[in-house]
Amino acid sequence: MDIAAVVLLAGLVAGYLVLAGCDIGLGMLMPYVARTDAERRRAVSAMAPYFLGSEVWLLGAIGVTIGMFPAVKSAVIAGLWPAFVALLAGWLFRDAGLWLRGRMRGRAGRAVCDTWIVAGSWVLALSWGFAVGGMLGEGRLLSPFAIACALTSAGLFALRGAAFGAERLVPPGPGGDGAPRSLPRIAKASAAVEPAPAAAETRNTLASGGASAGSAGVDGVPSGRRRDSSTDQRAAAVRETATTVESAESADAAARVTRPVARAALLAGVLAAVAAPLPGGAVPDRPLAAAAAALVLLAALAATSGLSGPRLSRHTSALGLGSVPLLIAASVNLPIAPIPTGTALLFWSAILPVVPFIVVGQLWLYRVLRRPAPTSGFFA
């Protein structure tokens, strides 16, 4: 029962980190991938469904901790309360920014919400790293090992957000239905635009219409209204194509940053491994299991640092974040107090039917929301 409870807790925390890493990481990178107000609005629209769905996993993990690991609250959380207080503050500010940004009419209000989103995301990522460093070490939050863990955590979240942004911020379809617009369709739209000489000839004809036909034009129709519908359609195609190309900048910026972020996170992870034997460093109960889990994390970051990093980042970022709770579960003996048989039966009878629905629902949400983010919505 104890092993099953540890596996369940680690799985719920891993699910939360993998899914929440999408919106937390993209929030961290908003100043880089979303420069204009329209790009920031679309980035918030991309994050919104994930931050609502991922919190289900966190609530499940809290329920498992309260039901099966009541001693963890006093042994771990109470000892690391500064990290968890900062984590809670970052969570509240970031969620407030996400909820309120779409309700702000003025530019100043939206700027405040953007600041909350970015700052809250960074505080969340760093706080999780400090908490992990404290749980693996002696509870010292300002040791070199804990600081290196915090930097590694920030890099992992940012990498997950970059992979998410490169996929979610691609240009939407021409009808706004969320289907990605492919490059051949953009090329066709560009090719359909009237050539520059013809456009100039049209403008000259319109400008000289009054001299040839008088102010009333031909058949009483002013010459300024003689632009045919095909010209209007071509002009609309020009505007649509320009908007589509411009909206691809966020996805391109997110894809470009994957390898630098992976390299920075890899460097921080190596520094954490070097600082582990130092005073205040890691004190694992099972060193071999801890080393194996740490190697998985570093291997995922190393794979993303290469030329194939942008293509692999969606999978390697999930593997890196998902290995963090497995690292803790494999290396640390959680303080487990004796649980009465009746309480254990009540807990498992309540949690087991719910877990499959959580897993299936979140996988469905992830598959559905892989399409490009809409340009408008409740949160945008």
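Rule-based calculations on the coordinates, nothing more; no lab input. Fair warning: this is a prediction, and the values are worked out from it, not measured in the lab. Note that we place each Cβ from the backbone using ideal geometry, even for glycine, and neighbour counts take in every protein chain shown.
Quick notes
- Couplings 3J(HN,Hα) for segment 290-306, derived from phi with the Karplus relation 6.51 cos²θ - 1.76 cosθ + 1.60 (θ = phi - 60°), are 5, 5, 5, 5, 5, 5, 4, 4, 5, 5, 5, 5, 5, 5, 6, 6, x Hz, where x marks Gly and Pro.
- Summed side-chain charge close to Ala146 - residues other than Ala146 whose Cβ falls under 12 Å, Lys, Arg +1, Asp, Glu -1: 0
- Taking other C-beta atoms within 10 angstrom as a stand-in for reagent exposure, Asp23, Asp95, Asp2, Asp114 fall in the order Asp2, Asp95, Asp114, Asp23, fewest first.
- Cα→Cβ-extended label distance, 7 Å offset, between Met104 and Ala289, nm: 4.6 nm
- Gain on full stretching of the segment that runs from Ile66 to Ala350 - 0.36 nm per residue minus C-alpha separation: 100.9 nm
- Among Thr304, Thr65, a tally of other beta-carbon atoms within 10 Å of each Cβ gives an order, fewest to most, of Thr65, Thr304.
- Linear extension gain, Arg35 paired with Thr115, 0.36 nm per residue minus alpha-carbon span: 27.5 nm
- Among 48-54, 75-81, 125-131, 151-157, the order from most to least packed when residues are scored by Cβ within 10 Å on average: 151-157, 125-131, 48-54, 75-81
- Sum of side-chain charges, Leu159 neighbourhood, beta-carbon under 11 Å (Lys, Arg +1; Asp, Glu -1): +4
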